[in-house]
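K.L.:
Before I ask anything, let me first share the structure, which is written out below as structure tokens.
The values are calculated or read from the model by the stated rules, or taken from the named source; none is laboratory data. Since the structure is predicted, the reported quantities are computational estimates derived from the model, not experimental observations. Virtual Cβ from ideal backbone geometry, glycine too; neighbours counted across all protein chains shown.
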Amino acid sequence: MYKFLIRPLLFLLPAEEAHEFTLFMTRFCKGPFKWISEKLFHFEDERLEQEIFGMHFKNPVGLAAGLDKYARALHFWPVLGVGHIEVGGVTPKAQNGNPKPRVFRLKKDRSIINRFGLNNDGVDALYKSLIGRPKSLPIGVNISKNEWTSNEKALEDYLTCLDRLHNSVDFVVVNVSCPNSTNVDQLQEKNYLLELLQALKNRRKELGSKIPLLVKIGPDVENDQLKGMVDVINQVGIDGIIASNTSSNRTDLQTSKEKIQSIGCGGLSGQAITELSSNVIRELARLTQGKVAIIGVGGIANAEQAYEKIRAGASLVQLYTGMVYEGPGLIKKINKGLIELLERDGFESISQAIGADL
Ligand SMILES: Cc1cc2nc3c(=O)[nH]c(=O)nc-3n(C[C@H](O)[C@H](O)[C@H](O)COP(=O)(O)O)c2cc1C
């Protein structure tokens, strides 16, 4: 029904408005609608369960940052059977992001280009939205700096977000890879990263908190830079890595050059970056030797693509663009498919498949 009816209708709207409309509609998923949706979309199997970061994950498939930026539909996602949610990106103060239009579908590539520029209502508003959040699944927050904050002062912005939200969420993701907000991705440079991650870790200690800290990186980093980042991550002792954010790459697209040019700058996500992000995960897993948990994200739209990232070294996976093209049944489809793939390969649980290709 999604592909033949709902998606064509949603795609009549501009991409950002379609997304807003979908999130708005989730508030009507109550009573019998909720019951029916749960019956349709739920899938549980203990072979998919894992303990990571000292937390229980019912399955490995979660929602990527940006999909429920404002934490508006937190009670709806468990209905779809998601294993975890990452809300945000959030910055200390509210900011508008870039002018519209700023999200574009590349239908031929099953991909999206966005240049939202970390639009959000600020950390206080997100704090309020998280009050009364569901406790049945881990919820993380993606934190970043305001666009007007220089990289020299970025630290204070990240610390503000950690201070305000560490009691409201289960893990914190340090976003140093947004390609659409001023210079955020430069924070991946070794010196900035070391100072930033060390300061966050020190603050966590001062707060008496044990909240896992993860860092989210981009897919366009060279292997040398990746190695430098892993050195920093090992040195500081960070709990996890999310790979990857959107890409600035535009090669091998089916969409015409004219259309790509007319869209302009932005981060590419979806099928066009599946391989790119898997390569980064593989390299990260090799460099970290399984000592740091990896969450794999980028161009997952079926069980095989999720499984590929898991076999490449990811303990968990996340989706955004796949949900836009495949619809709400995708989480169940992937989880069910993962069970078939585990059985095919003779694994007794998902944990056994992590890094199997290394
Ligand atoms: C419209 C849009 C908004 C996004 N916003 C954020 C964000 O605020 N913070 C972040 O770290 N990643 C953000 N992302 C990146 C996704 O979390 C994800 O890393 C990326 O899209 C690759 O996954 P996908 O191919 O499944 O979409 C956004 C992606 C899209 C498409």
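K.L.:
Taking the stated definitions as given, is A285 more than 17 Å from V61 (Cα to Cα), modelled with pLDDT of 95 or more and small (G, A, S)?
P.N.:
Judged against the criteria, A285 is a match.
K.L.:
Run down A306, A312, A301 and say which single residue is crowded, with 24+ Cβ neighbours inside 10 Å and in contact with an Asp or Glu (Cβ under 7 Å, 6 or more places away or on another chain).
P.N.:
Just one listed residue meets the conditions, A312.
So that you can scan it fast, the table gives a plain yes or no per residue for (1) closer than 26 Å to R164 by Cα; (2) within 17 Å of the chain's Cα centre (by Cα); (3) surrounded by fewer than 21 Cβ atoms within 10 Å (Cβ to Cβ):
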{"site": "V184", "(1), (2), (3)": "yes, yes, no"}
{"site": "L187", "(1), (2), (3)": "yes, no, no"}
{"site": "L207", "(1), (2), (3)": "yes, no, yes"}
{"site": "V215", "(1), (2), (3)": "yes, yes, no"}
{"site": "D224", "(1), (2), (3)": "no, no, yes"}
{"site": "N245", "(1), (2), (3)": "yes, yes, no"}
{"site": "C265", "(1), (2), (3)": "no, no, yes"}
{"site": "I281", "(1), (2), (3)": "no, yes, no"}
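K.L.:
Here's a check for you: in segment 40-94, which residue that is under 25 Å from T182 (Cα atoms) and either surrounded by fewer than 19 Cβ atoms within 10 Å (Cβ to Cβ) or acidic (D, E) (or both) is nearest to the ligand (Cβ to nearest atom)?
P.N.:
E86
K.L.:
Within segment 222-247, can you find the residues that are closer than 23 Å to K210 by Cβ and touching a Cys at 6+ places or on another chain (Cβ under 9 Å)?
P.N.:
Within segment 222-247, no residue meets the criteria.
K.L.:
Restricting to segment 40-59, name every residue that is closer than 24 Å to R72 by Cβ and either without any contact (Cβ under 8 Å) to a residue 40 or more places away in the chain or not aliphatic (A, V, I, L, M) (or both).
P.N.:
F41, H42, F57, K58, N59
K.L.:
What residue, among those in segment 188-201 that are of a type in the set (A, V, I, L, M, F, W, C) and closer than 25 Å to P138 by Cβ, is farthest from the ligand (Cβ to nearest atom)?
P.N.:
A199
Matching residues to (1) at pLDDT 95 or above; (2) buried (at least 21 other Cβ atoms within 10 Å of the Cβ); (3) near the ligand (Cβ under 9 Å from one of its atoms); (4) not in a loop (DSSP other than H, G, I, E, B):
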| position | (1), (2), (3), (4) |
| --- | --- |
| K108 | yes, no, no, yes |
| P134 | yes, no, no, no |
| N142 | yes, yes, yes, yes |
| W148 | yes, no, no, no |
| N167 | yes, no, no, no |
| C178 | no, yes, yes, no |
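K.L.:
Still on this structure: Against the definition (of a type outside the set (F, W, Y) and modelled with pLDDT under 95), how does G313 come out, yes or no?
P.N.:
no
K.L.:
Something else: For segment 121-132, enumerate the residues that are part of a helix (DSSP H, G or I) and farther than 24 Å from P179 by Cβ.
P.N.:
D124, A125, Y127, K128, S129
K.L.:
So, one more: Condition (residue is at pLDDT 95 or above, in contact with a helix residue (DSSP H, G or I) (Cβ under 8 Å, 6 or more places away or on another chain) and charged (D, E, K, R)) applied to segment 206-215: is it met by at least one residue?
P.N.:
Scanning segment 206-215, I find at least one residue that is at pLDDT 95 or above, in contact with a helix residue (DSSP H, G or I) (Cβ under 8 Å, 6 or more places away or on another chain) and charged (D, E, K, R), so the answer is yes.
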